[in-house]
Amino acid sequence: LRDLALRKSAILQVRGRGLMATLEFQPDGPGFALAEVHRRLLEKGFLAGFKPAARILRFYPPLVLPEAEADRLLTALEEIL
């Protein structure tokens, strides 16, 4: 996620420990709406906590997470953003 944040200006900060991660985003603006990012993640089968007022998405993966599934999330975020 930290590498993704370096490439995507919409992401302000990556917080958390291990796989429990939070992405803080820039305020919504032209061509970017965090609610749309959240909706598209859900459509792709990913559950993420969403706090619109704080502009964050939270990820709480299962205790056992195959590397392929983590890669699928990163690919989905890259496509959406």
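The values are calculated or read from the model by the stated rules, or taken from the named source; none is laboratory data. What you are looking at is a predicted structure, and each value in this text was computed from that prediction instead of being measured. All Cβ positions, even for glycine, are placed from backbone atoms using ideal geometry, and neighbour counts span all protein chains on display. All accessible areas refer to the heavy atoms of the entire protein, side chains included, with ligands and DNA or RNA removed. Shrake-Rupley method; radii C 1.70, N 1.55, O 1.52, S 1.80 Å.
Things worth noting here:
- Condition met for residue 35 (open to solvent by 50 Å² or more (accessible area, probe 1.4 Å) and touching a Pro at 6+ places or on another chain (Cβ under 9 Å)): yes
- Filtered residue count, segment 56-70, keeping only those that are over 14 Å from residue 21 (Cα atoms) and modelled with pLDDT of 95 or more: 1
- Filtered by the rule that a residue be open to solvent by 70 Å² or more (accessible area, probe 1.4 Å) and over 14 Å from residue 78 (Cβ atoms), segment 1-25 gives 12, 13, 15, 17, 18, 19, 20.
- Checked against (1) in contact (Cβ under 8 Å) with a residue 12 or more places away in the chain; (2) open to solvent by less than 60 Å² (accessible area, probe 1.4 Å); (3) not hydroxyl-bearing (Ser, Thr, Tyr), residue 52 meets all criteria but (2).
- Residues that are open to solvent by less than 80 Å² (accessible area, probe 1.4 Å) and among the aromatic types (Phe, Trp, Tyr) do occur in segment 41-48.
- Within segment 10-19, if we keep just the residues that are modelled with pLDDT of 90 or more and out of contact with any helix residue (DSSP H, G or I) (no Cβ under 7 Å at 6 or more places or on another chain), the residue that is farthest from residue 58 (Cα to Cα) turns out to be 10.
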